[in-house]
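Undergrad: I'd like to ask you about the structure that follows.
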Amino acid sequence: MSLDKDQVQRIAVLARLRLADDEFGETVDKLSRIVDFVDQLGQAATDNVVPMAHPLDEAQRLRVDEVTESDSRDAIQENAPLVENGLYLVPKVIE
Amino acid sequence: MSQDLHAQTLTQLAVGLERGDFSSVELTEALLDRVAAHDQSLNAFVTVTADAARAAAKRADAARAAGDIGVLNGLPLVHKDIFCTKSVLTTCGSRMLENFVSPYDATVVERLANAGAVVLGKTNMDEFAMGSSNETSYFGPVRNPWNPDCSPGGSSGGSAAAVAARLAPAATGTDTGGSIRQPAALTGTVGLKPTYGRVSRYGMIAFASSLDQAGVITRSSEDAALLLGVMAGFDERDSTSIDHPVPDYTAALSGSLKGLRVGVVRQHFDEGLDEQCAAAVRESLAVLESQGAILTDVDLPNLDLSVPTYYVVAPAECSSNLSRFDGVRYGHRAKDPDDLFDLYCRSRGEGFGAEVKRRIMTGTYVLSAGYYDAYYLKAQQVRQLIAEDFRTAFADVDVIAGPTSPTPAFKLGDKIDDPITMYLNDIYTIGANLAGLPGMSTPCGFVDGLPVGLHLVGPHWGEETILRCAHHYEQLSNWHQACPEDYE
């Protein structure tokens with residue numbers, strides 16, 4: 001196994017994912033296999049190869065910084081699990 | 001009215017509508033009846049939009065009577081449930097978006113609607129397009145119309161199954177590593193993934209933004225050309241949309257194959273490719289040759305590295321893209337969180353399925369401090385080598401042809417427990433995504449009653465060439481007209 005349970009737990013915290021207890025064994029096993037699989041990239045000779053930034057070598061397009069959208073807060077918040085007075089509600093973050 | 005409307009292609013239906021042989025309302029009702037009769041067993045749809053379809057068909061008939069019509073007026077199709085649709089659920093195959101209704105339409109949805117298309121529903125897919133068998137969908141697997149024990153492929157499996165079973169003449173799809181072409185091959189349909197940047201990604205839920213591209217699944221290349229002409233073109237709302245002229249794809253279908261240089265990749269026929277699939281593909285190459293195409297051997301020396309490269313780049317981008325699902329603004333939210341951290345972790349832990357979580361975690365790992373250079377940077381370097389292999393090959397050939405998938409459709413449950421075996425399904429298709437090239441699959445035979453696909457890849461903006469090549473092949477072979485027995 002290239003990854004152990006502690007490493008997978010650390011990755012899960014970084015990714016903000018809670019894994020159920022019965023998911024752990026399988027996740028460690030399968031993630032290890034994926035990491036072993038992609039490790040073969042290490043064999044490739046890539047000295048002086050420029051990493052790809054865009055498949056067609058296009059640069060990011062710029063646009064004028066001006067308002068183009070109208071206010072659609074209400075429509076957007078229709079999908080929010082919990083809102084009040086146009087604000088998203090979350091658990092208390094400051095004591 | 002003819003009773004076999006479902007058997008006709010978009011192009012044939014357009015003629016019938018124009019002649020007044022039937023109305024869009026009649027056509028829409030006929031297909032909705034088929035969906036009602038067959039989808040219980042196929043599970044190709046997440047949502048059927050019967051009422052909206054009837055209303056759109058009525059509008060299309062009225063527009064035709066008034067003489068004011070778009071090129072797809074009254075023609076039915078279905079959308080992969082990854083495209084945002086205003087007032088209709090967009091689930092992306094995930095519990096996370098089980099109740100999500102987009103406040104806007106994707107550009108693809110908008111352009112097809114403006115051309116007069118009638119949308120029958122939204123199709124099932126691997127969760128967030130992450131899978132090659134449709135088994136990762138929160139809404140259950142789709143069955144292959146050619147054999148209900150088999151997978152239709154993925155991630156656009158619902159779209160492919162719906163078109164193969166004649167529930168709809170055409171479907172949209174998306175392709176990040178083969179998600180249009182592989183299910184097209186496995187269901188005996190035509191699948192086209194255009195050049196990166198050809199079709200707008202606005203409103204198409206993001207998986208891996210440097211690889212994702214929208215396309216179509218149809219029953220002929222002629223239909224694929226028709227739809228691409230409507231979907232393609234610059235969109236300022238997608239920052240990666242490229243402003244490149246849109247040719248007349250339908251006009252590009254005619255013209256001979258004489259002198260067309262077709263590259264055959266040696267490595268494609270190595271071990272790993274089913275022998276009977278190899279035979280079907282070789283026969284199709286001989287057909288192209290008989291039409292004056294010149295077959296030339298080409299080399300893609302880094303082909304073996306394409307799948308591992310993809311499984312660094314795609315998960316890295318997915319871990320970033322899917323960070324937007326936080327349980328706060330939209331999507332699933334866990335009950336009674338202890339604090340904000342717990343809200344994030346449990347909302348995401350409950351909302352995402354196992355494969356999506358693995359991809360997010362793989363991406364998080366390869367981007368994490370100390371590993372970035374060894375994985376992500378390295379993968380983008382190898383990706384450059386893979387793109388260079390294609391550039392070199394396209395100096396000598398106009399098209400690269402080979403198998404779409406190493407095997408015909410596999411049994412549901414056969415590969416889902418081994419991620420690497422599943423990932424290797426896309427060995428022949430992934431390269432086109434890594435290099436941003438257009439690719440398509442068209443049916444080229446059967447193995448044990450299951451369809452096999454011929455894969456054609458062109459240089460950037462080479463859609464016209466691959467469509468012409470596929471169209472000619474279809475005229476001579478007719479494999480694309482084969483229909484699964486239970487769906488005639």
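Undergrad: Hey, any hits in the stretch B:283-295 for a residue that's within 14 Å of chain A (Cβ to nearest Cβ), in a loop (DSSP other than H, G, I, E, B), on the phi < 0 side of the Ramachandran plot and among the polar types (S, T, N, Q)?
TA: Of the residues in the stretch B:283-295, the ones within 14 Å of chain A (Cβ to nearest Cβ) are none.
No; the residues of the stretch B:283-295 include none that is within 14 Å of chain A (Cβ to nearest Cβ), in a loop (DSSP other than H, G, I, E, B), on the phi < 0 side of the Ramachandran plot and among the polar types (S, T, N, Q).
Undergrad: Taking the stretch A:41-95 as the region of interest, how many residues are modelled with pLDDT of 95 or more, surrounded by fewer than 10 Cβ atoms within 10 Å (Cβ to Cβ) and at the interface with chain B (Cβ under 7 Å from one of its Cβ atoms)?
TA: Summing the residues that are modelled with pLDDT of 95 or more, surrounded by fewer than 10 Cβ atoms within 10 Å (Cβ to Cβ) and at the interface with chain B (Cβ under 7 Å from one of its Cβ atoms) in the stretch A:41-95 gives 1.
Undergrad: How many residues does the stretch B:101-158 hold that are of a type in the set (F, W, Y), part of a helix (DSSP H, G or I) and over 18 Å from B:T176 (Cβ atoms)?
TA: Within the stretch B:101-158, the first condition is being of a type in the set (F, W, Y), and the residues that meet it are B:104, B:128, B:138-139, B:146.
If we keep only those that are part of a helix (DSSP H, G or I) as well, we get B:128.
Then drop every residue that is not over 18 Å from B:T176 (Cβ atoms), which leaves none.
Total meeting the criteria: 0.
Undergrad: Looking only at the stretch B:359-370, which residues are without any contact (Cβ under 8 Å) to a residue 12 or more places away in the chain and either loosely packed, with under 15 Cβ neighbours inside 10 Å or touching a Ser or Thr at 6+ places or on another chain (Cβ under 6 Å) (or both)?
TA: Going through the stretch B:359-370, the residues without any contact (Cβ under 8 Å) to a residue 12 or more places away in the chain turn out to be B:365, B:368-370.
B:A369, B:G370, listed by residue number.
Undergrad: Looking for something outside any loop (DSSP other than H, G, I, E, B) and charged (D, E, K, R) - is there at least one such residue anywhere in the stretch A:67-79? Steps first, answer last, please.
TA: First pass over the stretch A:67-79, keeping only residues outside any loop (DSSP other than H, G, I, E, B): A:73-77.
Cutting the leftovers down to charged (D, E, K, R) gives us A:73-74.
Yes, the stretch A:67-79 has at least one match.
Undergrad: Name the single residue that is farthest from the other protein chains (Cβ to nearest Cβ) among those in the stretch B:391-439 being acidic (D, E) and farther than 15 Å from B:L303 by Cα.
TA: We begin by selecting, within the stretch B:391-439, every residue acidic (D, E); these are B:396, B:398, B:414, B:417-418, B:426.
Those left that are additionally farther than 15 Å from B:L303 by Cα: B:396, B:398, B:414, B:417-418.
Values: B:D396: 20, B:D398: 18, B:D414: 16, B:D417: 9, B:D418: 8 Å.
So, considering only residues that are acidic (D, E) and farther than 15 Å from B:L303 by Cα, the one farthest from the other protein chains (Cβ to nearest Cβ) is B:D396.
Undergrad: Yes or no: B:H480 within 17 Å of the chain's Cα centre (by Cα) and away from chain A (no Cβ under 14 Å)?
TA: Values: within 17 Å of the chain's Cα centre (by Cα): yes; away from chain A (no Cβ under 14 Å): yes.
It is true that B:H480 is within 17 Å of the chain's Cα centre (by Cα) and away from chain A (no Cβ under 14 Å).
Undergrad: Scan the helices (runs of 4 or more DSSP H) fully inside the stretch B:383-488 and keep the ones with 2 or more residues being closer than 26 Å to B:A225 by Cβ and among the aliphatic types (A, V, I, L, M).
TA: Numbers: elements: B:419-423, B:430-435, B:463-477.
By residue number, B:430-435, B:463-477.
Undergrad: Would you point out the residue of the stretch B:189-243, among those that are outside any loop (DSSP other than H, G, I, E, B) and charged (D, E, K, R), that is nearest to the other protein chains (Cβ to nearest Cβ)?
TA: Pass one, the stretch B:189-243, residues outside any loop (DSSP other than H, G, I, E, B): B:190-193, B:199, B:204, B:213-218, B:221-232.
Restricting the remaining residues to those that are charged (D, E, K, R) gives B:193, B:222-223.
Working: B:K193: 13, B:E222: 27, B:D223: 27 Å.
Selected residue: B:K193.
Undergrad: Answer yes if at least one residue in the stretch B:309-318 is more than 14 Å from chain A (Cβ to nearest Cβ), of a type in the set (A, V, I, L, M) and part of a helix (DSSP H, G or I), and no otherwise. Talk me through it step by step, then tell me what you get.
TA: Residues of the stretch B:309-318 more than 14 Å from chain A (Cβ to nearest Cβ): none.
No, the stretch B:309-318 contains no residue that is more than 14 Å from chain A (Cβ to nearest Cβ), of a type in the set (A, V, I, L, M) and part of a helix (DSSP H, G or I).
Undergrad: Name the pairs: first residue in the stretch B:14-26 and without any contact (Cβ under 8 Å) to a residue 60 or more places away in the chain and in a helix (DSSP H, G or I), second residue small (G, A, S) and surrounded by 18 or more Cβ atoms within 10 Å (Cβ to Cβ), Cβ to Cβ under 7 Å, at least 6 apart or on different chains?
TA: The qualifying pairs are B:L17/B:S24; B:L17/B:G74; B:V25/B:A57.
The values are calculated or read from the model by the stated rules, or taken from the named source; none is laboratory data. Keep in mind that what you see is a predicted model, and the values were worked out from it rather than measured. Here the Cβ is made from the backbone with ideal geometry for all residues, glycine too, and neighbour counts use every protein chain on show.
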